[in-house]
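Any read-out appearing in this document is the output of simple, stated calculations on the displayed coordinates, not a laboratory observation. Everything numeric in this text was worked out from a predicted model, so none of it was measured. Cβ placement follows ideal geometry from the backbone for every residue including glycine, while neighbour counts extend to all protein chains displayed.
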Amino acid sequence: MEKSLQIRKRQLIRDAIYDAAIDLFAKKGFDETTIEEITDAAGISRRSFFRYFDSKDDLLALNTVNCGEVLCQVVASCPASLGPLEVVLETALAGLRFTAAQKCTRQIVEISLRSTSAGQAHLSRLMEVQDKVAAAFATRIKSKSRYSIQPTLLAGMSQLLVNAAIASWFMGEHEDMLVAAKHGFHSLKEIFSDAPAARLGVVARYARKAPAVGTPKKALLAKSPKHPPQLDEFSSRPDYIDIR
């Protein structure tokens, strides 16, 4: 019981610091607000501030970091039956539900847009979050490393959906972040449809015919076609799909 009360007390103090800081950032500006002003507004000492936050940057990006924890949890807990792209969508939607539930989301976006240093603080935490989400995807798909291309791409797509949905909501294009994310997801699926793959496959087959480095010039001339294959030539092939 005593431990529970201590946890609640710490959370109340953290919330008081956060609320006071965001209010000051919105009114005065991120760069113009000092830690002393935040502690005065929150009714705590400077020493107490550093028990909860290392800097103004950490304070501003608190929700971003907490959202990252949500993303990682969803990647790990999604049913095994879901494919990678489905996990990307579920991860993004969970992150957006968390973001939409935070009362200061619009203020934080505005603060980050008005201040270069605030935007950089936010961006640096986003990169940290993406790295952690990539690690979660690497574990899920049994990749050798979080830095491998597939977990990196999956984490990037998840974060891209979240960021794009928030931007769309902030600009008034969508009233609901979740609707914006679903719209963005369908757009991604169209972009990465099988049509481009078919076209790239044709190009790849021509590329595989390239001669090895060091092949004599006479041999190159003898093997070279009268003219290099053009895109129009691909369209006459039965396996070509025009996506222009």
- How about segment 81-149: which chymotrypsin sites (Phe, Trp or Tyr not before Pro) there lie in a loop by DSSP and see at most 13 other Cβ atoms within 10 Å? Y147
- Query: Counting other Cβ atoms within 10 Å of each Cβ, which trypsin sites (Lys or Arg not before Pro) in segment 84-117 have at most 12 and sit in a DSSP loop?
  - Reply: K103
- Query: If Lys and Arg each add +1 and Asp and Glu each add -1, what is the summed charge of the other residues whose beta carbon sits under 14 Å from the beta carbon of L12?
  - Reply: +3
- Spatial separation of Cα centroids for segment 91-145 and segment 24-64, in angstrom: 20 Å
